[in-house]
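Some notes on the structure that comes next.
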Amino acid sequence: MIFLRALLTRLLTMAITLFGVAVVVFFLIRVVPGNPIAMMLPPGATEEDIARLQALYGFDKSLLQQFLIWSGDVLRGDFGTSISLRQPVSELVLGRLPATLELSLFALLIAIALGGLMAFLGTLYRHSAAEAAVDVTTGTALSVPDFLWALVLILLFGVLWPVFSISGRVSPSQAFEFTTDFYIIEAFLRLRFDVVAHLLSRSFMPALALAIPLAAIIAQLLKQSLKETMHLDYVTLARTKGYSETWVILREALPNAVLPTLTLIGVQFTFLIGGTVIIERLFSYEGLGNMAIDAVINRDLPLIQGIVILFAALFTVINLVVDMLYVVLNPKLRHA
Amino acid sequence: MTQFLDIRNLTLRLRGGPIILWSVSLRVTSGMVHGLVGESGAGKSMIGKAVLGTLPRAIEVMGGEVWLDGVDLLALPPRDRRRRIGETAALIPQDPLTALNPSKRVGPQITRRLIDILGWSKSEADQRARTLLDEVRIPDIPRVMRSYPHELSGGMRQRVLIASAFAAEPKLIVADEPTTALDVTVQKQILRLISEMRIRHGTALLFVTHDLGVVSKVCNSLSVLYAGRVVEEAQMPRFFMRPIHPYSRALLAATPTYLDPDGSLQPVPANVIEDVENENHHHALRAGYDV
Ligand SMILES: Nc1ncnc2c1ncn2[C@@H]1O[C@H](COP(=O)(O)OP(=O)(O)O)[C@@H](O)[C@H]1O
Ligand SMILES: [Mg+2]
């Protein structure tokens, strides 16, 4: 009952948030200088040509009118037409979303695996040189932002020791016919593990660049929580029962230590998705972020709006999922 | 008379810091209750931790031996040591509110180790848990086994922990101030319960406490610890009648029950040791410690 009410409250908050984002992005991109119509016409277009096109896209009306028309359309699921690509925004955006989602989730998994492993090793070998090594590694990983890691990876594995692809989501020679835009998931479900491996190796470099800072944050916070938990009485009690230290860390301490990290991952995952904008560009990965940069360069207002709102919706959903997970994992909250 | 636990000249110190235990020796005979008394900070818990292999990493063993059931624990590699301890000893912890894993149901917290480590079947382990929970007089056992720790009272949780300590039939239980964290009204019951359980199961007990009154009720012998040293080791009725070390006398004097109005010591009242008047106790007296 309380759970249901919390859920409804959250859904309402999400709706308000999305509306706020819509308002802000709509007006913000319109006060930034740059005329989208002028940019799509060849040089030497007449004033009348420009005015005609302005009217076609509704840019001749007042800002408030434009907003009302646009939000009315959005509520009906119509996000308008891209000015630069001349296709419905919703089609474009939804066509690119899977690529970005797959990249982000892959990066998230790498971050959790790397961060979790380092936190575990740091806890197992606490107060020793190994823990210090973990601390130095995570500190270094954190002090460098993801796009610089991208450049490092491009130099290392693209140029010096070219073992991983650093460009594009699929190799042009890949003959597999995809019927959806979720390439990795589709290949997986169709049991074409060779294709899965191909896709994963293509996106490994951008995913790793995105994952490194998050892995470091996860490692630091989780190790700290684990170490604190390792002092607690029930952990000590488990040790006296004959369990190995590894078992004690993973089965006794981890379930209770993981909650703060889980919340953090939720927040940081949205940052990670934000990071795809630049990372996709650097690795020529055909995702939403790459499209967003083109949209901004072209002053493609409907497309920018569509992408921003989709990102915002994604972020609120992720936060909701994390909060729900939190309740599921913590019995005290469930029965409160 | 086998010394089930035999600590010889155990010296511990904080890494790069002060000595915490100074050449401590202590013996617990099979099936007997040995008290370990001393004020807070004396090092009582450290002795318990040395026996159970849970010394903090900041603590360094400078020397000594901890013989448990004929094996020197300190000479074993950590993995074997842990296994050995898990098979032969158990802990009744101080604070029942923090000693159960908050995210696990109570039942599995008793049964998991029987299944994981000792290789019992799930139904055997469940049956065992039910029997033990019944022995510690927990009502509505199926519900309790399904509960999370926060759904139970402190006294109930301590009963669960006692049951859990006896689950694998250990030969030695370390009880580290098992009633200190409880309400006064519950303390007595829990104390009785521990005595009763260890008699039923024939388990030796290393009973850590700062309360001499408690010692007089449950112990066959005791060691008095002061600032990391054992200052007196004694058999039970004798200690209360003729404490030798000045610190022991001071400790006794601070326990008003045993003093006459004029300040002289009283003989131990018969009821004080009622809980230990049982087979094991008589057996111990017949076998005779070196008093
Ligand atoms: N984790 C620890 N790290 C360092 N010193 C500790 C730790 N725990 C206890 N000590 C020190 O060891 C000494 C003995 O502590 P303890 O055995 O807990 O005392 P008692 O149980 O008799 O109250 C105290 O001086 C205490 O400060
Ligand atoms: Mg203590």
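Side notes on the structure shown:
- Counted residues, region A:231-250 - those being at the interface with another protein chain (Cβ under 10 Å from one of its Cβ atoms), more than 23 Å from B:Gln158 (Cβ to Cβ) and not hydroxyl-bearing (Ser, Thr, Tyr): 2
- Scanning region B:118-146 for residues that are within 14 Å of chain A (Cβ to nearest Cβ), surrounded by fewer than 20 Cβ atoms within 10 Å (Cβ to Cβ) and either not basic (Lys, Arg) or not in a helix (DSSP H, G or I) (or both) yields B:Leu118, B:Gly119, B:Trp120.
- Criterion violated by A:Ile112 - all others in (1) open to solvent by 40 Å² or more (accessible area, probe 1.4 Å); (2) more than 20 Å from the chain's Cα centre (by Cα) satisfied: (2)
- Test: residue in region B:91-106 that is within 13 Å of ligand 2 (Cβ to nearest atom), assigned to a loop (DSSP other than H, G, I, E, B) and acidic (Asp, Glu): yes
- Taking region A:254-336 as the region of interest, the helices (runs of 4 or more DSSP H) fully inside it that hold 2 or more residues being modelled with pLDDT of 90 or more and more than 30 Å from B:Val106 (Cβ to Cβ) are A:254-282, A:288-297, A:301-329.
- Among residues of region A:31-52 that are closer than 13 Å to A:Ser84 by Cα, those with a Cβ under 6 angstrom from a residue that is in a helix (DSSP H, G or I), sequence gap 6+ or separate chain, pair up as A:Pro36/A:Leu301; A:Ile37/A:Ile50; A:Ile37/A:Leu53; A:Ile37/A:Gln54.
Matching residues to (1) at pLDDT 95 or above; (2) open to solvent by 10 Å² or more (accessible area, probe 1.4 Å); (3) away from ligand 1 (no atom under 16 Å from the Cβ); (4) of a type in the set (A, V, I, L, M):
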| site | (1), (2), (3), (4) |
| --- | --- |
| B:Val28 | no, no, yes, yes |
| B:Gly38 | no, no, no, no |
| B:Thr54 | no, yes, no, no |
| B:Gly63 | no, yes, yes, no |
| B:Arg81 | no, yes, yes, no |
| B:Gln94 | no, yes, no, no |
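- Near pairs, Cβ below 9 angstrom, 6+ apart or cross-chain, from region A:316-330 (within 13 Å of another protein chain (Cβ to nearest Cβ) and touching a residue at least 24 places away in the same chain (Cβ under 8 Å)) to any residue that is assigned to a loop (DSSP other than H, G, I, E, B) and among the hydroxyl-bearing types (Ser, Thr, Tyr): A:Leu329/B:Ser103; A:Asn330/B:Ser103
- Test for A:Leu18: is it loosely packed, with under 14 Cβ neighbours inside 10 Å and aliphatic (A, V, I, L, M): no
- Just one of (1) assigned to a helix (DSSP H, G or I); (2) touching a residue at least 24 places away in the same chain (Cβ under 8 Å); (3) β-branched (Val, Ile, Thr) fails for B:Ile115. It is (2).
- Within region A:251-268, being more than 8 Å from chain B (Cβ to nearest Cβ), polar (S, T, N, Q) and surrounded by fewer than 23 Cβ atoms within 10 Å (Cβ to Cβ) holds for A:Thr263, A:Gln268.
Yes/no per residue for (1) within 16 Å of ligand 2 (Cβ to nearest atom); (2) within 14 Å of chain A (Cβ to nearest Cβ); (3) more than 25 Å from B:Ile110 (Cβ to Cβ):
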{"site": "B:Leu172", "(1), (2), (3)": "no, yes, no"}
{"site": "B:Thr179", "(1), (2), (3)": "yes, no, no"}
{"site": "B:Leu182", "(1), (2), (3)": "yes, no, no"}
{"site": "B:Leu191", "(1), (2), (3)": "no, no, no"}
{"site": "B:Thr203", "(1), (2), (3)": "no, no, no"}
{"site": "B:His210", "(1), (2), (3)": "yes, no, yes"}
{"site": "B:Lys217", "(1), (2), (3)": "no, no, yes"}
{"site": "B:Phe239", "(1), (2), (3)": "no, no, yes"}
{"site": "B:Ile244", "(1), (2), (3)": "no, no, yes"}
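- Residue list for region A:182-206, filter: assigned to a helix (DSSP H, G or I), surrounded by fewer than 20 Cβ atoms within 10 Å (Cβ to Cβ) and in contact with an Asp or Glu (Cβ under 9 Å, 6 or more places away or on another chain): A:Ile185
- Residues located in region A:115-139, provided they are surrounded by fewer than 18 Cβ atoms within 10 Å (Cβ to Cβ) and of a type in the set (S, T, N, Q): A:Ser128, A:Thr137
- Scanning region B:147-176 for residues that are farther than 30 Å from B:Trp67 by Cα and surrounded by fewer than 22 Cβ atoms within 10 Å (Cβ to Cβ) yields a total of 9.
- Test for B:Leu114: is it more than 19 Å from the chain's Cα centre (by Cα) and hydrophobic (A, V, I, L, M, F, W, C): yes
- Applying the criterion of being of a type outside the set (Ser, Thr, Tyr) and at negative phi to the residues of region B:16-25, the residue that is nearest to ligand 1 (Cβ to nearest atom) is B:Ile20.
- Contacts under 6 angstrom Cβ, first residue in region B:74-91 being within 10 Å of chain A (Cβ to nearest Cβ), partner open to solvent by less than 50 Å² (accessible area, probe 1.4 Å) and among the charged types (D, E, K, R), 6 or more apart: B:Gly86/A:Lys241
The values are calculated or read from the model by the stated rules, or taken from the named source; none is laboratory data. All values derive from a computational prediction rather than experimental measurement. Cβ sites come from the backbone with ideal geometry, for glycine too, and all protein chains shown count toward neighbours. The protein model used for the area step is the full one, side chains on, heavy atoms only, and it has no ligands, DNA or RNA in it. Shrake-Rupley method; radii C 1.70, N 1.55, O 1.52, S 1.80 Å.
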